[in-house]
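Reviewing the structure listed below.
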Amino acid sequence: MLSRLVFYGRTNVKIGESAGMIKSILAAASDYSPASGLTGGLVFNEKYMMEVIEGAREQVSKRLRVMFEDPRIEDLTVLSVSTIDKRVFDGWAVGYAGRTIDAERLYMKYCPTVDINPTIMSAAAVLDFVREFCALDTLYVQRTGLAEQRMPAHPVQPAAPARPAPPRQDPPVETIKVVATKPVVTA
């Protein structure tokens, strides 16, 4: 049985450390491949990270535990966990959400600002944003496994003329706020 997990968190990066963070996250992407049983995507910048993980329930849970322990991430929030019949990611992709024309078009499509802010996005919007961002043909996206070939199941659509998009009418989504993720040691 396959599961899909959609979540986000705030990145814990100090000013001047973003270049090192970008390199370490992109390097960690090489650990994931279809052979590992996990597919999905991670998009991040100096403020937030958003991730979608697909795979066997046990593997998805293990990946989430790793994310809880990652010192680069704070305030991890699970948007949705669901059973799926089919994956939407062919491999694993990691993208740095910098300032490019293609990225800013996606920001405006899924968020009312020209910046990523998952705190005001639904689980469906985060899933679609991560999928489309990871499919961009840019140096800011690194793919492993089958995802090295562009993700053909959902090609990026050309941008419409510059008009504000209507607000998304997604159904209400229950979020789970993770409060204490680190073990407390008492003397």
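Any read-out appearing in this document is the output of simple, stated calculations on the displayed coordinates, not a laboratory observation. Computed from a prediction, not measured in an experiment: that's the story for all the values here. Backbone-built Cβ (ideal geometry, glycine too); neighbour counts: all protein chains shown.
The figures follow:
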quantity	calculated
Extension gain from N12 to A124, taking 0.36 nm per residue of separation minus the Cα-Cα distance	37.8 nm
Gyration tensor over alpha-carbon atoms, segment 61-147, equivalent ellipsoid semi-axes in Å	21, 17, 15
Calculated from backbone phi, Karplus (6.51, -1.76, 1.60) coupling profile of segment 99-112 in Hz, x at Gly/Pro	9, 10, 4, 4, 5, 5, 5, 5, 4, 5, 6, 10, 9, x
Highest to lowest packing among 94-102, 49-57, scored as the average C-beta count within 10 Å	49-57, 94-102
Shape call, segment 38-101: gyration tensor on alpha carbons, a/c limit 1.5	oblate
For peptides 117-123, 130-136, 71-77, sequence by mean Cβ density within 10 Å, most packed first	130-136, 117-123, 71-77
Cβ crowding within 10 Å averaged over residues, with 40-46, 87-93 ranked highest first	40-46, 87-93
R0 of 22 Å, Cβ-Cβ distance T138-T113: FRET efficiency to nearest 0.05	0.60
